[in-house]
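Asker: Below is the structure I would like to discuss, written out as structure tokens.
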Amino acid sequence: MRTLAFVGASALLLTGCTGDPEPVISTSATSAPVPSISAPDVESSPQGGDVDVTPASYIVTAPSDRVDVYDEVDGTVTQTVAAEDVLSAPGQTPLTFLVKELRDDWAEVYLPVRPNGSTGWIPLADEQLTATSYRLEISLTDFTLSLFEGDDEVFTAEVGVGRDDRPTPGGVYYIRELLQPPDPEGVYGPFAYGLSGYSPVLDEFKGGEAIIGIHGTDEPDRLGSYVSSGCIRMANDAITELVTEFGVPLGTPVYISDQAADLTAA
């Protein structure tokens, strides 16, 4: 695992916890800075020689903190994704995208913006393309999170998910960042993944974007139920194992559904 880098004030707030008041992962609302952990490099690169594993997904890591997004190959720029708008630690955490389709020197990628599921095309000439065989599948009805490496399920854990009035949105997402809250015994536990998706019912959360995440919890007895404001809660030892033992990279796809397998087959 790489050296911890400290995060400055952030407007990106995870919506997974409830209570009065609702806590946030943000140095604007905590007394200590929130470190960000850069995920380890993926095992192989499709542009860097032989690959050691059959990649399930490709990931684009941007060479800068701003990426122009096009409506089609050789098309028109429709928006610019800036790290300062979508990351808690711009300049320290890389700006990454999950690839939906590759075409020549272009990639259609999932975007960490509203609405959920947004995609766009980016040129690959100056981007870094890598591959991962990892994917996360989350079943909202079975309250399970499973990590797959290729066809093999290598890790599974019980989770808590969004309650009826603040549901966890189904869909295809990816890990945009990894955070380490200042209090490992607090409501977010020792680690938190920020995903590329947003709450479907909250326009904001404590003055910032209502981002969906995967994180630990100080209420492990409430796992296996609809309990959060949209995030996926895990036991602290489970998310610690996910982070430290497997080193799931940024950009890893996350499939959230009542039947997770249906999404990966689509």
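The values are calculated or read from the model by the stated rules, or taken from the named source; none is laboratory data. Predicted model only: the values in this text are computed from it and were never measured. A quick note on method: Cβ atoms are made from the backbone with ideal geometry, for glycine too, and the neighbour counts reach across all protein chains shown.
Asker: Among the residues of segment 101-134, which ones are over 17 Å from the mean Cα position of the chain (by Cα) and in contact (Cβ under 8 Å) with a residue 60 or more places away in the chain? Give the steps one after another, and end with the answer.
Answerer: Filtering segment 101-134 for residues over 17 Å from the mean Cα position of the chain (by Cα) gives 101-108, 120-129.
Correct list: Ile122, Leu124, Asp126, Glu127, Gln128, Leu129.
Asker: Quick one: would you say Glu108 is touching a Lys or Arg at 6+ places or on another chain (Cβ under 6 Å), in a strand (DSSP E or B) and outside the structural domain of Leu223 (by TED's automatic domain parsing)?
Answerer: For Glu108, the condition - touching a Lys or Arg at 6+ places or on another chain (Cβ under 6 Å), in a strand (DSSP E or B) and outside the structural domain of Leu223 (by TED's automatic domain parsing) - is met.
Asker: Next question, about the same structure. Give the residues of segment 227-249 that are among the hydroxyl-bearing types (Ser, Thr, Tyr) and either in contact (Cβ under 8 Å) with a residue 60 or more places away in the chain or crowded, with 19+ Cβ neighbours inside 10 Å (or both), sorted by residue number.
Answerer: Residues satisfying the conditions are Ser228, Ser229, Thr244.
Asker: Condition (residue is in contact with a helix residue (DSSP H, G or I) (Cβ under 7 Å, 6 or more places away or on another chain) and of a type in the set (Phe, Trp, Tyr)) applied to segment 166-181: is it met by at least one residue?
Answerer: Taking every residue of segment 166-181 in turn, none turns out to be in contact with a helix residue (DSSP H, G or I) (Cβ under 7 Å, 6 or more places away or on another chain) and of a type in the set (Phe, Trp, Tyr).
Asker: Which one is modelled with the lowest pLDDT, of the residues in segment 52-95 that are part of a loop (DSSP other than H, G, I, E, B) and among the charged types (D, E, K, R)?
Answerer: Taking segment 52-95 as the starting set, the residues that turn out to be part of a loop (DSSP other than H, G, I, E, B) are 52-56, 62-65, 71-76, 87-89, 91-92, 94-95.
From the residues that got through so far, the ones that are among the charged types (D, E, K, R) too are 52, 65, 71-72, 74.
Working: Asp52: 44, Asp65: 96, Asp71: 98, Glu72: 97, Asp74: 96.
Ranking the qualifying residues of segment 52-95, first place goes to Asp52.
Asker: Now for a separate question. Filter segment 128-146 down to residues that are of a type outside the set (S, T, N, Q) and buried (at least 20 other Cβ atoms within 10 Å of the Cβ) and give me whichever is nearest to Val69 (Cα to Cα).
Answerer: Checked segment 128-146; the qualifying residue nearest to Val69 (Cα to Cα) is Ala131.
Asker: Only residues that are within 16 Å of Gly189 (Cα to Cα) and within 15 Å of the chain's Cα centre (by Cα): list them for segment 231-254, please.
Answerer: If the condition is that a residue be within 16 Å of Gly189 (Cα to Cα) and within 15 Å of the chain's Cα centre (by Cα), then Cys231, Ile232, Arg233, Met234, Ile239, Leu242, Val243 are the ones that fit.
Asker: For Ser257, work out the one condition from (1) among the hydroxyl-bearing types (Ser, Thr, Tyr); (2) within 16 Å of the chain's Cα centre (by Cα); (3) buried (at least 24 other Cβ atoms within 10 Å of the Cβ) it doesn't fulfil.
Answerer: (3)
To keep it simple, each residue is scored yes or no on (1) modelled with pLDDT under 95; (2) within 21 Å of Ala89 (Cα to Cα); (3) surrounded by fewer than 18 Cβ atoms within 10 Å (Cβ to Cβ).
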site	(1), (2), (3)
Pro182	yes, yes, yes
Gly189	no, yes, no
Tyr198	no, yes, no
Ile212	no, yes, no
Ser225	no, no, yes
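Asker: Let me spell it out: the conditions are (1) under 30 Å from Asp71 (Cα atoms); (2) assigned to a loop (DSSP other than H, G, I, E, B), and Lys100 meets all of them except one. Which number is the exception?
Answerer: Of everything listed in (1) under 30 Å from Asp71 (Cα atoms); (2) assigned to a loop (DSSP other than H, G, I, E, B), Lys100 misses just condition (2).
Asker: Kindly list the number of the only condition in (1) modelled with pLDDT under 95; (2) exposed (fewer than 14 other Cβ atoms within 10 Å of the Cβ); (3) not acidic (Asp, Glu) that fails for Pro35.
Answerer: Looking at each condition in turn, Pro35 falls short on (2).
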